[in-house]
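Below you'll find the structure, written out as structure tokens, and then a few comments.
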Amino acid sequence: MTIEIGGLFGILILIGDVYAVLNVVQSHKTLAVKATWIVAIILLPVAGLLAWALFGPREREVA
């Protein structure tokens, strides 16, 4: 039983997208910002995930 590389890559992207959407939903940003990020992640799975990883809403860590 083998899994193709494309299928494995697709599963990893799906997991990353779900993680990104959950983080956006849990952030303290406005509803409009959250909706924009979620739409971008869902419509552009790879590009949206990369954009979220680089520019997405971040919570400041309290030192």
(request) Quantify, in whole percent, the carbon and sulfur part of the accessible surface of the chain (1.4 Å probe; protein heavy atoms only). (result) 73
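Explain nothing, just the number: dipole magnitude of the chain about its Cα centre with +1 on each Lys and Arg Cβ and -1 on each Asp and Glu Cβ, in debye rounded to the nearest 20. Don't skip to the end; give the middle numbers.
Values: 4 positive and 4 negative charges, 54 e Å.
Once rounded to the nearest 20, the dipole reads 260 debye.
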(message) If I build a Gaussian network model for the chain, linking alpha-carbon pairs within less than 10 angstrom, which residue out of Ala53, Ala40, Ala20 has the largest mean-square fluctuation?
(response) Ala53
(message) Could you tell me the relative contact order of the chain? Use alpha-carbon pairs under 8 Å, at least six residues apart, and round to a whole percent.
(response) 33
(message) Angle check, please: helix 45-55 long axis (alpha carbons) against the longest principal axis of the chain (alpha carbons), in degrees 0 to 90, nearest 10.
(response) 40
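The values are calculated or read from the model by the stated rules, or taken from the named source; none is laboratory data. None of the values given here were measured: they were computed from a predicted structure. Neighbour counts run over all protein chains shown; Cβ positions are idealised from the backbone, glycine included. The area values use the complete protein model at the heavy-atom level, side chains included, leaving out ligands, DNA and RNA. Shrake-Rupley method; radii C 1.70, N 1.55, O 1.52, S 1.80 Å.
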